[in-house]
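Presented below is the structure to which this report refers.
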Amino acid sequence: MINFKHCLTPDKALPLQNKVVECVTKTSTQHTIFGKVNIWRGALTEEYFSVMFIGGVVVVSVSERECHIGEKTVSYAESQSLLDTAELVKGSAPEMQQELQKHYNEVIAKKEQDEVTFADMMFILNWQYVEGAKVDESDMLGD
């Protein structure tokens, strides 16, 4: 499981937490710069959602209307490895900074993109499944 740290203050994170998931479908795509991007879309008991994991950052959008998903998005959390790498880059000599960033993008971020699951997202968001929830992580468009 990937370790995450919340980007939001508790009062800004709370409205996105403690939701109940009725259905979720995973898709992934290849981005020219970021590589693989994982996206989960679905329905909560009273809203719709989109959760995206890209380059170590979890981006969340929750809306009462499905057509409004993505209008308001929030960077919700960052992987601890992204934060650790950023600290290393800040404290490194300029000639090492590029190498550290390259290692993060080509090795660490790629590994996290391949390993991340919706269970990781559920954990950091403190979401639960409704009984009989429909979960499709087969990712027919990606992998």
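The values are calculated or read from the model by the stated rules, or taken from the named source; none is laboratory data. This is a predicted model, so every value here is computed, not measured. All Cβ positions, even for glycine, are placed from backbone atoms using ideal geometry, and neighbour counts span all protein chains on display.
The table below lists the values:
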read-out: Test for Glu112: is it without any contact (Cβ under 8 Å) to a residue 24 or more places away in the chain and in a helix (DSSP H, G or I); value: no
read-out: Conditions (1) within 24 Å of Glu137 (Cα to Cα); (2) exposed (fewer than 12 other Cβ atoms within 10 Å of the Cβ); number of the one not met by Thr9; value: (1)
read-out: Members of the stretch 4-21 that are touching a strand residue (DSSP E or B) at 6+ places or on another chain (Cβ under 7 Å) and either farther than 16 Å from Val59 by Cα or not in a strand (DSSP E or B) (or both); value: Cys7, Leu8, Ala13, Leu16, Lys19, Val20, Val21
read-out: Unmet criterion (only one of (1) surrounded by 15 or more Cβ atoms within 10 Å (Cβ to Cβ); (2) in contact (Cβ under 8 Å) with a residue 24 or more places away in the chain; (3) closer than 16 Å to Cys23 by Cα) for Leu82; value: (3)
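The rows are residues; the columns are (1) outside any strand (DSSP E or B); (2) under 22 Å from Ala133 (Cα atoms); (3) at pLDDT 95 or above.
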position: Cys23; (1), (2), (3): no, yes, yes
position: Trp40; (1), (2), (3): no, yes, yes
position: Val60; (1), (2), (3): no, yes, yes
position: Leu83; (1), (2), (3): yes, no, yes
position: Ser92; (1), (2), (3): yes, no, no
position: Leu100; (1), (2), (3): yes, no, no
